[in-house]
Amino acid sequence: NMLTNEIEPLLATGYEWVSGNQIEVKINSAAHWNDGEPFTAADVAYTFNIANRYDLSWSSHWTYLESVEATDDYTVLFTLKTDPFNTKDIIGDLATTMMIPEHIWQALEDETGGDITALREIYNDNFVSTGPFLYYFNDETKVVVVRDDNYWGQDESMFGELTQVKYFVIPIYNSNDVGNLDLANGDVDVSQSFISDVWELWADGAPLRCSLSDSPYYLA
């Protein structure tokens with residue numbers, strides 16, 4: 001939570017240091033992929049370990065990791081290297097690493113014999129996530145997702161209900177300027193692009209606001 005600087009549980013219920021260089025993470029047993037498969041500790045271990053086998057965007061996690069192991073269906077043990085040793089980095093990794101489904105990607109790994117070049121060339125149209133939306137449509141101008149009415153997060157122990165948004169349309173812009181113009185004109189509802197002097201957008205009364213109500217208005 002970037003407003004409070006707290007790590008809030010979602011796919012995991014929490015974590016604890018079990019030794020000087022080991023963190024145990026407990027997986028939320030209610031969580032599941034939106035194809036119905038359960039989300040387990042094996043998915044977490046797979047997500048981290050595949051980045052140790054191949055050069056991926058999150059492979060840098062292994063600068064400080066020694067091993068990541070699913071010790072049971074809902075427990076993951078992260079062992080940090082003692083040299084170099086960095087506790088802050090791994091906590092950030094736990095909070096920001098996007099999970100991938102082992103039951104989808106292990107089959108693709110097996111199919112390519114672990115050839116990363118061949119693996120990168122596969123067009124995987126089996127879009128699976130743990131989030132509140134399902135893939136619906138895409139073309140060169142937009143991506144559209146639709147609410148997953150079976151989303152596990154509607155449980156009372158989590159959010160207690162589904163989002164009221166049925167469809168979410170993400171326009172694809174060639175530049176920030178085009179997107180910012182649509183925002184100023186009211187043609188999009190939400191934008192995450194950087195807008196210099198953003199306060200000028202509502203100086204004339206336009207119904208626009210930012211993440212923060214006061215200067216500097218932006219989250220990091």
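General observations
- For the stretch 184-208, filtered to residues that are among the β-branched types (Val, Ile, Thr) and part of a loop (DSSP other than H, G, I, E, B), the residue that is surrounded by the fewest Cβ atoms within 10 Å (Cβ to Cβ) is VAL190.
- Top-ranked residue in the stretch 159-183 [being among the charged types (D, E, K, R) and in a helix (DSSP H, G or I); ranked as least open to solvent (accessible area, probe 1.4 Å)]: ASP182
- Looking only at the stretch 88-101, and only at residues there that are within 15 Å of LEU56 (Cβ to Cβ) and assigned to a helix (DSSP H, G or I), the one that is nearest to the chain's Cα centre (by Cα): THR96
- Taking first residues from the stretch 128-143 that are under 18 Å from LEU162 (Cα atoms) and without any contact (Cβ under 8 Å) to a residue 12 or more places away in the chain and partners that are acidic (Asp, Glu) and open to solvent by less than 70 Å² (accessible area, probe 1.4 Å), no Cβ contact under 7 Å between residues at least 6 apart in sequence or on separate chains turns up.
- Within the stretch 86-110, if we keep just the residues that are touching a helix residue (DSSP H, G or I) at 6+ places or on another chain (Cβ under 8 Å) and among the polar types (S, T, N, Q), the residue that is least open to solvent (accessible area, probe 1.4 Å) turns out to be THR97.
- Any hit, the stretch 45-57, residues being touching a residue at least 12 places away in the same chain (Cβ under 8 Å) and part of a loop (DSSP other than H, G, I, E, B): yes
- Looking across the stretch 144-170 at every residue that is in contact (Cβ under 8 Å) with a residue 24 or more places away in the chain and in contact with a Lys or Arg (Cβ under 9 Å, 6 or more places away or on another chain), the one that is nearest to PHE39 (Cα to Cα) is identified as LEU162.
- Of the candidates TRP62, TRP33, TRP17, TRP58, the single residue that is within 20 Å of the chain's Cα centre (by Cα) and open to solvent by 30 Å² or more (accessible area, probe 1.4 Å) is TRP58.
- Within the stretch 111-147, considering residues that are part of a helix (DSSP H, G or I) and within 23 Å of the chain's Cα centre (by Cα), the one surrounded by the most Cβ atoms within 10 Å (Cβ to Cβ): LEU119
The values are calculated or read from the model by the stated rules, or taken from the named source; none is laboratory data. Predicted model, so just to flag it, every value in this text is computed and none were measured. Heads up, the Cβs are rebuilt from the backbone with ideal geometry, glycines too, and the neighbour counts pull from every protein chain shown. The accessibility values were calculated without ligands, DNA or RNA, using every heavy atom of the protein model including side chains. Shrake-Rupley method; radii C 1.70, N 1.55, O 1.52, S 1.80 Å.
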